[in-house]
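Participant: Can you read through this structure? Questions will come right after.
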Amino acid sequence: MKASIKKQQLHDNLLELNLPKIAETYDNYCKDATQRNLAYSEFLQQLVNEEMNFKEDRMVRYRIRWSQLPFTKKLEDFDFAAQPSIDKRLIDELATLRFIDNCENVIFLGPPGVGKTHLATALALRACQSGLKTFFTTADTLIRRLKASLADGTFRQRMRRLKWPRLLVIDELGYLPFDRQASNFFFEIICNRYETGATIITSNRSYGNWGDIFDDPVIASAILDRLLHHSITINIKGKSYRMHDKIASYQSV
Ligand code: ADP
Ligand code: MG
């Protein structure tokens, strides 16, 4: 068999075996290995590493896309000095993602602009980078989509999809109050995920006011009961960072 046909066959077989990166790069690696007189084992190791890195990158990109994060802010972008009410050690602990393994919940409470969404998103990004299935939504969008899904018959499917992510982020709970139906949906989501998945919630309302978010104080306390059983609450105080930016630029003029 001609060398070029053999080469094409190897290429096709590698693709068939779902090893696209090796198929793409082995030619260069072969030349390099010959030039540098590499041991066979080392040559093989390099090729396999290349494929592993490629697959890992692809999976992380897929996880990030699937998660629907609103932006990709990182923990490293967070200015802890500007926000002394947060214990950085606690955030560092959360960044290990042990809370996801333990199916614990994290609740960020505080006024607008103090970094709740930033921190929730940054933790969700970490989860994606670790290959964990993650989904981000605002409370409002979540309920709107669930209500719409009743009409097109996909409600159960949507509910199931909210059960499986290892990390679910529900942002901005409490900006808009829930009616009875929305409160029941929310209760079902929290019940489904209880001790089976980690959930991050951000809210501008303290727990004492959660009765006002949900239509019924009995549902509110049942939700809090499950949510808080294995949970970490981070109460953020202080002024909006958006104002901090403005004040800083105003002072520098
Ligand atoms: P919240 O969700 O509490 O309303 P955000 O997380 O949306 O606030 O923060 C508002 C903006 O300010 C975002 O662009 C965020 O990245 C930024 N921000 C807030 N706090 C900090 C901080 N301590 N360090 C860096 N950026 C911050
Ligand atoms: Mg926010």
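The numbers here are math on the coordinates, done by the rules we state, and not lab data. Only a predicted model underlies this, so the values are computations on that prediction, with no experimental measurement involved. So basically every Cβ, Gly included, is an ideal-geometry build from the backbone, and we count neighbours across all protein chains shown.
Participant: Can you give the translational diffusion coefficient of segment 105-253 in µm²/s, computed by Stokes-Einstein from the Kirkwood radius over Cα pairs at 20 °C and 1.002 mPa s?
Facilitator: 132 µm²/s
Participant: Considering the chain as a Gaussian network with a 10 Å cut-off on Cα pairs, which listed residue, 199, 141, 34, attains the greatest mean-square fluctuation?
Facilitator: The residue that fluctuates most here is 34.
Participant: Tell me, how many Å apart are the Cα centres for segment 84-113 and for segment 7-54?
Facilitator: 42 Å
Participant: Taking 45 Å as R0, compute the FRET efficiency from the Cβ-Cβ separation of residue 151 and residue 49 and round it to 0.05. The partial results should precede the final answer.
Facilitator: On the way: r = 50 Å, r/R0 = 1.10.
Calculated transfer efficiency: 0.35.
Participant: Sorted from fewest to most neighbouring beta carbons within 10 Å, what does the list 116, 163, 6 look like? Before the final figure, lay out the partial values.
Facilitator: On the way: 116 23, 163 14, 6 10.
By the 10 Å Cβ count, ascending: 6, 163, 116.
Participant: Residue 209 to residue 89: extension gain in nm, 0.36 nm per residue of separation minus the Cα-Cα distance?
Facilitator: Stretched fully, the residue 209-residue 89 segment lengthens by 40.4 nm.
Participant: State, to one decimal in nm, how far the label point of residue 12 lies from the label point of residue 243, with both points 7 Å from Cα in the Cβ direction.
Facilitator: 6.9 nm
Participant: Sticking with this one: Computed over the Cα atoms of the chain, what is the ratio Rg over Rh, Rh following Kirkwood?
Facilitator: 1.14
Participant: Among 26, 40, which comes first, then next, by fewest other beta-carbon atoms within 10 Å?
Facilitator: Values: 26 21, 40 8.
Lowest count first: 40, 26.
Participant: From Cα pairs below 8 angstrom and at least 6 apart in sequence, can you work out the relative contact order of the chain, rounded to a whole percent?
Facilitator: 24 percent
Participant: Take the Cα pairs of segment 2-63, get the Kirkwood Rh, then feed it into Stokes-Einstein at 37 °C and 0.692 mPa s and tell me D in µm²/s.
Facilitator: Details: Rh = 12.6 Å.
The estimated diffusion coefficient comes to 261 µm²/s.
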